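Colleague: Before anything else, here's the structure in question.
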Amino acid sequence: MRVSQFAGLVALSTGTAAAPTLRSSSPYAVKERHAVPPSWSVVGEAAKSHMLNLQIGLKQSNRDILEQQHLSAEEVNALVAPAEDTLHLVTKWLREHGITEPQLSPAKDWIHVAIPVAKAEELLNTTYSHFKHVDGSDIVRTAEWSLPEHLHEHVDVIQPTTSFFKTSRQSNDIAPDDSERWWQPMPPQYHHPSPTPGNLSAICNASFTTLECIRTLYGTIDYVPQVPEKNAIGVTDYLGETQNRSDIEIYLNDFRPEAAGIAYKFPITLINGAVDQQTRLNATELAARGLIVEGDLDGELVIGISWPTTFMSWATGGSPPYNPDLATPTNTNEPYLEWLTYVLANSSLPQVISTSYGDDEQSVPYSYAKRVCDGFMQLGARGISVLFSSGDSGVGSNGTCFSNTDPTKEMFLPAFPASCPWVTAVGGTKDFQPEVAVSRFGSGAGFSNYFGRPAYQTAAVEGYFAKIGDLYAGLYNTTGRGYPDVAAQGNHDVIVWAGNVTTVGGTSASSPTFAAVIALVNDALIARGRPALGFLNPWIYGGAYKALTDMTSGSSIGCNSSGFPAEVGWDAVTGYGTPNFGKLVGDAFHTGVPWTEWSK
């Protein structure tokens, strides 16, 4: 957008704003209630001295305008900035409670205050409790919170309060009782490039999906990035994960030796108290610390596929074990909000970002999900492709498929953030000739209960419903956003972890794989003076799906059912299918001719 045009939009959107309306304090009323998921239970009161990094999301402006633009960070901030009245009233309320120096985001749509539980309870007229999950993890939350009535229309969300979102990894091969298969040694022939390059049957093995296999299967193996210094891709890490540089180096030496020099050079940005764990530990020690494979998996696949494209990662702290006896500050805050507010405050970001974490949509209140999703929309408006793994529980984990608000109501469980219409959700596949939906676990799939079906996928979803009829009627929302959008290998991907070459499965492998292919498409575009693809879904559903390889076999098993079936065209298992790099580049240039032809 031209600067003059943008300036006109800002003037139009703010020029008629009313002067601040000064109001005296009003009675408190409940702003939000959210049912506590059955996997969490109260174990006692929260320590009054426990510190909370309270994040207050103010009502944003000009959302409809933002949806239609491709803007800079500064332009996005100017558009979403809250009304002057909103900012004045909320900061006045905070001052009345002794909070005089809140931190504002660049767009002034988020206010950050670090306060003890006792102050938060006073501020929100609530009581916090110490909750424990069935897996043993702990958080400090409340089932409801209140605001003065006159602030309800000015505040969208405050967290951590009612969100029981648990950033779960989307990888499946690392259960402690699976150690025998987990440590199955790799046959020597799969440690090095195939002597018959380009021959899928010789390169790809159903038990070991190597980097060479992925690059051959998706058509990137002969592409040489042209402008790696102008193009970047990033991955996010949570739950104490980072990329172990020693593992990255071993992996690249084995599977892409020309890239091995990057292992100790790429940046790892630490957010919200995250720690860059680089000490060499064995698998048992790592597992004891709750550190599995996520960081290594994401970094190895992205670098291995997209090198020498610029690579970076973010490690975000949050939700470590909570000890109610400690008087010192601990952190059970919302990691997605921590990461999102951090990156939105930065003017320079990678063109592609992949994340392999998620949880059940109903574990978070709608207000939280919507503001996080709106944050992904802001990234899309800045020309950034945001990809998420679709999850590893199919339509829901067996035995858990019930509503939080009505434990007798059976339902499929959509995942978040995959259900957000502003991200590209990536499902999992296996095999090679042809690829099919992964079956050792359920590739995350379904229809959101929070977000309506976006216009870009109306024809695709209605076409799918015409094929499956009334299958599972009543168990899912027929008007919700359907996912995944696309898919990639996620069955037995070869990685290095804890110094050992091994395999891992899950859509945690699928998302970075698809993201890395998109980074290479961006390289081809940028090299010829074109912009990066940005938000992918309108492009994919608008015609680029013809450049994907359709999966027509398999289903999204879960909830003690076979789940949604794969069909010709879009389906709620693998979306539109897996990438074909040459065809995607051809579509991106509106030629329909693969890059291998026009680049000669």
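Colleague: List, in order, the whole-Hz ³J(HN,Hα) value for each residue of segment 543-548 obtained from phi through the Karplus relation with A = 6.51, B = -1.76, C = 1.60 and θ = phi - 60°; use x for Gly and Pro.
Modeller: Ordered by residue, 3J(HN,Hα) equals x, 5, 4, 5, 8, 9 Hz.
Colleague: For segment 556-561, in order, what is each residue's ³J(HN,Hα) by Karplus, 6.51 cos²θ - 1.76 cosθ + 1.60 with θ = phi - 60°, in whole Hz (x at glycine and Pro)?
Modeller: Calculated HN-Hα couplings, in order: 8, 4, x, 6, 6, 9 Hz.
Colleague: Find the accessible area per residue for segment 76-138; the probe is 1.4 Å, ligands and nucleic acids are left out, and the unit is Å².
Modeller: Here the residues of segment 76-138 average 41 Å² of exposed surface.
Colleague: Apply the Karplus parameterisation 6.51 cos²θ - 1.76 cosθ + 1.60, with θ equal to phi minus 60°, to every residue of segment 482-497 and state each ³J(HN,Hα) to the nearest whole Hz, in sequence, with x for glycine and proline.
Modeller: x, 8, x, 8, 9, 8, 6, 3, x, 10, 9, 5, 7, 9, 10, 9
Colleague: Pairs Lys166/Lys430; Lys370/Lys546; Lys31/Lys370; Lys230/Lys265: which are spaced more than 19 Å apart, C-alpha to C-alpha? Mind dumping the intermediate values first?
Modeller: Working: Lys166/Lys430 27 Å; Lys370/Lys546 31 Å; Lys31/Lys370 15 Å; Lys230/Lys265 17 Å.
Going by Cα-Cα distance, Lys166/Lys430; Lys370/Lys546 fall outside the 19 Å limit.
Colleague: Between Ser207 and Asn560, what is the FRET efficiency for a Förster distance of 25 Å, r being their Cβ-Cβ separation, to the nearest 0.05? Numbers along the way, then the final one.
Modeller: Numbers: r = 28 Å, r/R0 = 1.12.
Rounded to the nearest 0.05, the efficiency is 0.35.
Colleague: Would you compute the Debye intensity of segment 518-585 from its alpha-carbon atoms alone, equal scatterers and no solvent, and pass along log10 I(q)/I(0) at q = 0.12, 0.23 Å⁻¹ to two decimals?
Modeller: The Cα Debye sum returns log10 ratios of -0.40, -0.96.
Colleague: Shifting gears a bit: Any chance you could look up the accessible area of Thr552 with a 1.4 Å probe, heavy atoms only, rounded to 10 Å²?
Modeller: Probe radius 1.4 Å; accessible area of Thr552 about 80 Å².
Colleague: Using only C-alpha positions, report the orientation-averaged shadow area of the convex hull of segment 393-469, nm², one decimal. Walk me through the intermediate numbers first.
Modeller: Values: hull surface 26.7 nm².
Taking the Cα atoms of segment 393-469, their convex hull projects to 6.7 nm² on average.
Colleague: Go through His152, His70, His34 and list them by solvent-accessible area, largest first, probe radius 1.4 Å. Walk me through the numbers before you get to the answer.
Modeller: Values: His152 50, His70 100, His34 25 Å².
In descending accessible area the options line up as His70, His152, His34.
Colleague: Same structure again: Which far-off residues, 5 or more places away or on another chain, put their amide H under 5 Å from the one on Glu45, with H placed in the peptide plane?
Modeller: His130
Colleague: What is the set of long-range amide H partners of Lys31 at a cut-off below 5 Å, with H atoms built 1.01 Å from backbone N?
Modeller: Trp145, Ser146, Leu147
Colleague: So how much accessible area does Asp470 have, in Å² to the nearest 10, using a 1.4 Å probe?
Modeller: The accessible area of Asp470 comes to roughly 130 Å².
Colleague: Per the Cauchy relation, a quarter of the hull surface: what is the mean projected area of the convex hull of the alpha carbons in segment 39-98, in nm²? Can you show the working numbers first?
Modeller: On the way: hull surface 31.0 nm².
In nm², the orientation-averaged hull projection of segment 39-98 is 7.7.
Colleague: Could you tell me the accessible area of Ile518 in Å² (1.4 Å probe, neighbours in place), rounded to the nearest ten?
Modeller: Surface open to solvent at Ile518 totals about 0 Å².
Colleague: Still on this structure, I have one more. Considering Cα pairs under 8 angstrom that are at least six residues apart, work out the relative contact order of segment 394-511 and quote it in whole percent. List each step's numbers first, then the result.
Modeller: Working: 200 pairs, mean separation 35.5, N = 118.
Relative CO of segment 394-511 lands at 30 percent.
Colleague: Name the long-range amide H neighbours of Asn205: under 5 Å, sequence gap of 5 or more, or other chain; modelled H, no Pro or chain starts.
Modeller: Correct list: Thr210.
Colleague: In square nanometres, what is the average projected area of the Cα convex hull of segment 386-522? Working shown, then result.
Modeller: Numbers: hull surface 41.7 nm².
Computing the convex hull of the Cα atoms and averaging its projections yields 10.4 nm².
The values are calculated or read from the model by the stated rules, or taken from the named source; none is laboratory data. Remember, predicted model here, so these are calculated numbers, not experimental data. As a convention, Cβ positions derive from the backbone with ideal geometry for all residues, glycine included, and neighbour counts pool all protein chains shown. Heavy atoms of the whole protein, side chains included, go into the accessibility calculation; ligands, DNA and RNA do not. Shrake-Rupley method; radii C 1.70, N 1.55, O 1.52, S 1.80 Å.
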